[in-house]
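Below: one structure, written as structure tokens.
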Amino acid sequence: MRKKIVAGNWKMNKNLPEAKGLLADLTAKFAQQPNAEIIVAPTSVNLQFAAETVKGSAIKVAAQNMHQAENGAFTGEISADMLKSIGVETVILGHSERRAYFGETDALLADKVATALKHDMTVIFCFGEELEERKSDKHFAVVESQLKNALFSLDASAWKQIVLAYEPVWAIGTGETASPEQAQEMHAFIRKTIADAVSPAVAEEVSILYGGSVKPANAQEIFAKPDVDGGLIGGASLDAESFAAIGAAI
Ligand code: PEP
């Protein structure tokens, strides 16, 4: 059975006292075993604190990014080994903001994925089309090529460590959400593409999250779609009440 996951990407928000407050609220709100795996991704300086705080709770911690090299002269960067050494086993890679503002390409992401997998980490791999690409009906081709370039050379066994997050760029932080039907249509396409390119078993097992302006008010109808296995949440993950409501909507 596919895993249900609700993950919160805090981006560059929450200093240490704020992160402490949010984590305290979240551990209380998710005290009963939730129906989904709950993940939070604080900024890197708060990862160690977060990883220690959630020990023994239903919440896991993910990093928002990671460098592809093992170590070395890469000022400002963080390695897979460093993340693992503080108890962080999951990393978000390929977020549209990393692609747009930090020049991350599919080829670079393929390297980052390979490094994360070598360290036995779980990767939440983000991808999705821009507004112009959807308007010109290229969204399926764009998504297929993002997946192909970064993931399709992986061994079928490596897919156990991959979670996909389809995030149409036009729906991120805009208040504009893909309709549940648009999300389902794309998720079904992604699963079929993986079935053809990797294997039907991998396609059936991989969790595909939807991301883009998910809120307590729309989470339930999006999560109800058969190929949507949860969500990657930005803005609404910064408030314990709304993130808990989204977590409960699955
Ligand atoms: C995101 O950045 O991954 C995201 C989905 O953001 P938001 O929920 O704010 O649209």
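General observations
- Backbone amide hydrogens, once placed in the peptide plane, bring VAL61 within less than 5 Å of VAL40, GLU89, excluding anything fewer than 5 places away on its chain.
- Overall form of segment 64-163 per C-alpha gyration tensor (a/c, 1.5; a/b vs b/c): prolate
- Euclidean distance between Cα centres, segment 1-50 to segment 130-197, Å: 24
- Per-residue 3J(HN,Hα) values for segment 235-248, derived from phi via the Karplus relation 6.51 cos²θ - 1.76 cosθ + 1.60 with θ = phi - 60°, read x, 6, 8, 8, 10, 4, 5, 6, 5, 5, 5, 5, x, 7 Hz in sequence order (x marks Gly and Pro).
- Each Lys or Arg adds one and each Asp or Glu takes one away; over the other residues whose Cβ falls under 13 Å from the Cβ of ALA80, this sums to -3.
- Qualifying lysines (Cα of each under 21 Å from Cα of LYS118; at least 8 residues distant if same chain): LYS60, LYS84, LYS148, LYS160
- Cβ-derived FRET efficiency at R0 35 Å, SER153 paired with ALA188, nearest 0.05: 0.90
- Backbone geometry of segment 102-116 corresponds, through the Karplus equation with coefficients 6.51, -1.76 and 1.60 at θ = phi - 60°, to 3J(HN,Hα) couplings of 10, x, 6, 9, 4, 5, 4, 5, 4, 5, 5, 4, 4, 5, 4 Hz, x marking Gly and Pro.
- Prolate/oblate/rounded call for segment 149-250, Cα gyration tensor, a/c under 1.5 rounded: prolate
Every number here is computed from the coordinates shown, using simple stated rules; none is lab data. Source: prediction; values computed, not measured. Positions of Cβ are generated from backbone atoms using ideal geometry, with glycine treated the same way; all protein chains shown enter the neighbour counts.
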